[in-house]
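Trainee: My questions will all concern the structure given below.
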Amino acid sequence: MIVRLVQRIGILLASLAVSSVLVFAFMAVLPGDPARVALGTSASDSAVAQLREQFGLDRPLVAQYLHWIHGLLTFDPGNSYISQAPIGPQLADRLQVTLWLVGTGMVIACVLALPMGTLMAVRHRKPSGLVLSALSQVGVAIPAFLAGILLITVFAVGLGWLPANGWTPPVQDPVLFLKQLLMPALSLGIVQAAVLTRYVRSAVLDVLREDYLRTARAKGLRPTRALLRHGLRNAAVPVVTVLALQLATLLVGSVVIERVFVIPGLGSLLLDSVANRDLIVVQDVVMIIAMAVLLVNFLVDLVYLLIDPRLRGGAS
Amino acid sequence: MRHDGRPTRGTGAVAATLACLLLASCSAGSTATGSTGKNSLNIGLTAEPANFDFTRTEGAAIPQALLYNVYETLVKLDQSGKIRPQLATSWSLSKDRRTYTFHLVKNATFSNGARFTAEDAKFSIERVTTDWTLVQKTQMDVVDAVRAVSPTELEVTLKRPSNDWLYRMTTRVGAMFSRTGVGKLATEPVGTGPYAVKNWNRGDSITLARRHGYWGRTPHFASVTLKYFKDPTAMNNALLTGTINVIGQMQSPESLYRFQNNSKYKVIEGTTNGEVVLSLNNGSGPMKNRKARQAVRYAIDHKALMDTCWAGRGKLIGSMVPPTDPWYQNLTDLYRYDRDKAKKLLEESGEAGRTLRLRIPTLPYATACGTVVKSQLEQAGFKVKLDQLEFPAAWLTTVFKNADYDMSIIGHVEPRDMQTVFGNEKSYIRYDNPEFRALLAKADQGTREQQITDMRAAARLVSKDAAADWLFLLPNLMVADEDITGLPVNSVSESLDLTGLGRS
Amino acid sequence: MSAPEREATVASAVPAGRRRRRPVTGSLLVGGLVVAIVIGMALLSFVWTPHDPTLVDPSVRLREPSPDYWFGTDKFGRDVFSQILMGSRTTLFVGFVAVGVAAVVGVPLGIVAGMAPRWFGELLMRGNDLLLAFPALLLAIMFAAVYGAGTLVAMIAIGIASIPHFARLIRGGTLQVMETEYVTAARAAGRGPFAIAVRHVLPNVTSLVIVQASVGFAIAVLAEAALSFLGFGTPPPTPSWGRMLQESQELLSIAPRLAVFPGVAIAVAVLGFNLLGDGLRDRFDPKLEDRR
């Protein structure tokens, strides 16, 4: 167990290191000189050179890389090339916004998908199960931003129940916060729920066929009972994997949703920074997303170790 | 935890909640605009400033937000385009038309507490040449000497007479800075204006708050939030659902129908300084050929183009002068749409087989017009390849700086920009005509009548040469709650002047 | 060892539907039909569209559906039906590029990782997992920043981001094949690893590749729509369902049909590819399933 844990941590650290190099290398080939963009097209070459020096862009790539990593590790990523404001607080703000969005979307997805998927599996031969199944198929096929546009058209512009877009921090105005959070979180959540439902269904179906469940049912337990008592933990293993993979999808899906709902999250920061060639911010945002995905994968590995006794020992 | 499906449900939610708790101490960004009280105003705009420093950062967004609101100038443009007093109560011009004497207001202060004096004015004007990096800085090259005669009197001597100089003093190069307030221009602007920047939620909004102790007339709104929307539809929805009160620049004129004939909203339609130019690369490639350029101009059906891509809003101009400039003349007759003539000219030019690279920025009007231009040119026998370049960075580098293009579409929104775009052979259009430059120079130094005559001649010349094609002039389209007053019909300056706005 | 166990679970975490009893399902039928229609539309667009889909004609802008313009016209006066027809080409192109890139790299990677010594296979899979840290859309945005927005660039990015899914799945399949008697027999007969890979492994994982390709197609179509919405996808005036949807936005309340047609087209195509994938999986699965 300890060995496995250490091994996992080692893998996590190595992955983080490699992906940081990848991100940095990628940014280095990005065309468009950030100093030139920052100063405008008519700036003299000497002014550009001066700013390059100020940004540290004239130093060797290795030194630039180390400087960047050092900044990240000390939670002081420096100032933006373009806005010249400190990046740290901005990243924290944006991350918080996106986490609310992704977290709520994830909760909505789980709340919808777990019971529906289980129901679909239990009733997989009945019409109700087939209808649910068809519904989930349609849900998967709808782009999240289209769902968002439809929600806005109906509930904001049409019925006037909710604001069409915008964002307010919960501390400032909790009611408005919830109102503004609802539609974007729903657009993210519904589509994810549709995807998740199908995984839950097949995981539960697999479990339903296992011998111990058949035994339990033979002993007279009703299928749902038997499932709840014995089966769900086993069904959880594949579902957790999918959830983790979906977190990455949600994080990136929020890029589009933030654009639709005008939400100042990590995604809109990424798009703005790409457009402005605010490379250091792009680099930081991409790294944060990569870090989040790797970290979640790591946590999933840990959960496996806890959840599945078969995985705990040395050999299976 | 272990005997049912809960760990599953937990992972994502718990992780998210935890992360939120960890971060809860930081103040998150707010787009809070729920407070649409009597004293505050929310305006929807398109392009967000990259930072607050318009001395070193290009783009129309910064002066739009700050000029006349946070920064003031000695003289300002009023809504009709006339030069009016601001920090200078009056001014006079010497006989040789080279020395301006400004009498300054006595009681103006900067938002950092410092008093505004002639020394600050001298400092600000001189700083343009020494510290600015924009192309506009050359507009102060004509200044020979600046002298602070007394705290309220400033004397500026020019190297030669210049009609343009006083006009430029109403734009961003004329902004007055505090000698003690230029340390953090990018993040903390210090000006004498009626508003100061209270909060900037990057990626979302800028809030300006009314300053106590402003020297001039107190503006109506205590707080104005400029809210930025990348997506025109989202901006419309925000007005429809009450999140904002004004759409400062309507970017989807097609959806104007949602606000017209609705008593809750007023629609304002006028002109701007924004010429949507089909830029042609006069320096190299097929568009170096004058006949090919003329063919392009004949091939474009401007009326149909404006109808399709900008819902028929805007004005056809035919050259680089908007109707609000004194030397405006309607030049749309010069190359009246004639597809057969275009085909013939293209044939004669010998460029017919070459593919034109139409490289447009990712901006709403450029994307819409690009589609139409491509189709119209192809109908006249051109071969056109359309590329979309991300705006600003990719487009600026590729087209604007390296001139690696044959045709492009961009709105030149700076006021009186014929000189910067066509009068400089190094500009991305690469239009190199000494006769044209001589006309501009003569216009600048001559009397007012001469200026108008020469500018007209210059505008006609550049149009005849087909140095570019002028698709149309962007309209000043604003939509606002019906009770908002003081919105300018025409947008003539670089500033979105908030000082005259009110609520009835 | 936990690793192979986990891979197996990952492989089986892909929705499997009902496995043993009904190999031919409604999904297969409906999915196959939809995909056939999309391909048919694309082929048809090469020989016939009612109007030139990129011809701007202000005199007929924003027409309602009529016998002449079946789906009406957009604000440029372009025929919407012709655009939908042409758009199916973009859709297929998108899918082929993305799935092609993913399969061409992912399948050999998965087979090698499955056949190689355990430590090497593990290492490859760890490298493979690293790619998962850069989700498809993120990679596409970064690629667009470097190489400019365009369908091909975007789809190569989507393809690269899909590599890990292919590789992982194929490795799982390969590991199972490697345990079968005939592979053992082939080894005993002295066949080299390349011969085994080509003759035994590849044919046995083909079904997995086809299933994943179908799902990958659906993902690519959705990604193209999202990227077009953000302005990183298919540049104008090439007809694309994603961009039609994006362009329809400002007219949503007077001409909702402009959003409805491409929206439905995207949803139906994605549904079709997903159903086809499901159906094929149900049909193919028993082969590998029985060896579990």
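The values are calculated or read from the model by the stated rules, or taken from the named source; none is laboratory data. Since this is a predicted model, take the numbers as computed values, not measurements. Cβ sites come from the backbone with ideal geometry, for glycine too, and all protein chains shown count toward neighbours. Protein only, heavy atoms only, side chains kept; ligands, DNA and RNA dropped before computing areas. Shrake-Rupley method; radii C 1.70, N 1.55, O 1.52, S 1.80 Å.
Trainee: Among the candidates B:Val372, B:Val384, which residue alone is within 11 Å of chain C (Cβ to nearest Cβ), touching a helix residue (DSSP H, G or I) at 6+ places or on another chain (Cβ under 6 Å) and either assigned to a strand (DSSP E or B) or open to solvent by 20 Å² or more (accessible area, probe 1.4 Å) (or both)?
Mentor: B:Val384
Trainee: Please tell me if B:Leu358 is in a strand (DSSP E or B), at the interface with chain C (Cβ under 8 Å from one of its Cβ atoms), among the aliphatic types (A, V, I, L, M) and more than 21 Å from the chain's Cα centre (by Cα).
Mentor: no
Trainee: Only one of these conditions is not met by A:Asn165: (1) within 12 Å of chain B (Cβ to nearest Cβ); (2) modelled with pLDDT of 85 or more; (3) open to solvent by 10 Å² or more (accessible area, probe 1.4 Å). Which number is it?
Mentor: The failed condition is (3).
Trainee: Another question, if that's okay. Taking region C:236-264 as the region of interest, how many residues are buried (at least 24 other Cβ atoms within 10 Å of the Cβ) and in a loop (DSSP other than H, G, I, E, B)?
Mentor: The number of residues fulfilling the criteria is 2.
Trainee: Starting from region B:427-454, keep only residues that are part of a helix (DSSP H, G or I), then list their pairs with residues that are basic (Lys, Arg) whose Cβ atoms are within a distance under 8 Å, requiring at least 6 positions of separation or different chains.
Mentor: B:Gln445/B:Arg160; B:Gln450/B:Lys442; B:Asp454/B:Lys442
Trainee: Moving on. Let me spell it out: the conditions are (1) within 14 Å of chain A (Cβ to nearest Cβ); (2) open to solvent by less than 10 Å² (accessible area, probe 1.4 Å), and B:Asp231 meets all of them except one. Which number is the exception?
Mentor: Checking B:Asp231 against (1) within 14 Å of chain A (Cβ to nearest Cβ); (2) open to solvent by less than 10 Å² (accessible area, probe 1.4 Å), the one that fails is (2).
Trainee: From the list B:Tyr257, B:Tyr214, exactly one residue is more than 11 Å from chain A (Cβ to nearest Cβ), more than 29 Å from B:Leu74 (Cα to Cα) and open to solvent by 20 Å² or more (accessible area, probe 1.4 Å). Which is it?
Mentor: Matching residue, one of B:Tyr257, B:Tyr214: B:Tyr257.
Trainee: Additional query: Mind checking which residues of region A:81-117 are under 24 Å from the mean Cα position of the chain (by Cα) and among the polar types (S, T, N, Q)?
Mentor: A:Gln90, A:Gln96, A:Thr98, A:Thr104
Trainee: Among the candidates C:Ala144, C:Ala161, C:Ala185, C:Ala154, single out the residue that is small (Gly, Ala, Ser), more than 30 Å from C:Leu230 (Cβ to Cβ) and in a helix (DSSP H, G or I).
Mentor: C:Ala185
Trainee: Does C:Arg89 count as within 14 Å of chain A (Cβ to nearest Cβ), out of contact with any strand residue (DSSP E or B) (no Cβ under 7 Å at 6 or more places or on another chain) and open to solvent by 40 Å² or more (accessible area, probe 1.4 Å)?
Mentor: no
Trainee: Quick one: how many residues across region B:387-418 are at pLDDT below 90 and open to solvent by 10 Å² or more (accessible area, probe 1.4 Å)?
Mentor: Residues meeting the conditions: 15.
Trainee: If a residue must be open to solvent by 10 Å² or more (accessible area, probe 1.4 Å) and under 26 Å from C:Ala186 (Cβ atoms), how many such residues does region C:115-136 contain?
Mentor: Number satisfying all stated conditions: 9.
Trainee: Something else: Of the residues A:Thr197, A:Thr224, A:Thr215, which single one is over 18 Å from A:Phe261 (Cβ atoms), β-branched (Val, Ile, Thr), modelled with pLDDT under 70 and assigned by the TED database to the domain that holds A:Ala121?
Mentor: After ruling out the rest, the residue left standing is A:Thr224.
Trainee: Follow-up question, since we're still on this one. Kindly provide the set of residues from region C:265-282 that are under 13 Å from the mean Cα position of the chain (by Cα), more than 9 Å from chain A (Cβ to nearest Cβ) and either surrounded by fewer than 24 Cβ atoms within 10 Å (Cβ to Cβ) or not hydrophobic (A, V, I, L, M, F, W, C) (or both), ordered by number.
Mentor: C:Gly277
Trainee: In region B:126-151, how many are outside any loop (DSSP other than H, G, I, E, B) and more than 19 Å from B:Ile62 (Cβ to Cβ)?
Mentor: 11
Trainee: Right, something else. Counting just the residues of region B:112-131 that are out of contact with any Pro (no Cβ under 8 Å at 6 or more places or on another chain) and among the hydroxyl-bearing types (Ser, Thr, Tyr), which one comes out least open to solvent (accessible area, probe 1.4 Å)?
Mentor: B:Ser124
Trainee: Next question, about the same structure. Is there a residue being free of Cβ contacts under 8 Å to residues at least 12 places away in the same chain, open to solvent by less than 30 Å² (accessible area, probe 1.4 Å) and among the aliphatic types (A, V, I, L, M) anywhere in region B:163-171?
Mentor: no
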